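First up is the structure itself, then whatever we jot down about it.
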């Protein structure tokens, strides 16, 4: 449960697993496990872990989206599209973890997030369209979209990250 909620690298998960590995069956060992779990529960219910992690990811994505904007301004729509698409996928993965949606391919997470009520069908369709643009850029189908399409994608993904992370 801790792995699912906090991830493998979290302090709570690592401390609990270390304490559990050396669990002796004595009350003192149980109290250590209980204290770690209680601390994790408090952080989870208070939203402390997720808000900090989300803020960090939002900041990193903001930097990537800023770089994409510079690429667009310099006339490099194709690498900008790929960078925006990567930012979108990272954002969707973060949102999936918040809604306890399994991390999978983008289209699957997108559908599952819509079903979970993270956003509406219109947003789901927009994410699908952005993912399609990213795939076209990644596979060299550069004539299938314009720089204006990528500017619109950039603005939309920037809004998505701001609204949901």
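Observations on the model:
- Positions within region 101-125 being assigned to a helix (DSSP H, G or I), over 17 Å from the mean Cα position of the chain (by Cα) and within 18 Å of residue 162 (Cα to Cα), in sequence order: 122
- In region 71-88, residue farthest from residue 43 (Cα to Cα) [restricted to those that are free of Cβ contacts under 8 Å to residues at least 40 places away in the same chain and crowded, with 17+ Cβ neighbours inside 10 Å]: 71
No lab work stands behind these numbers, since they all come straight from the coordinates. Just so it is clear, the structure is predicted and the values come from calculations on it, not from any experiment. As a convention, Cβ positions derive from the backbone with ideal geometry for all residues, glycine included, and neighbour counts pool all protein chains shown.
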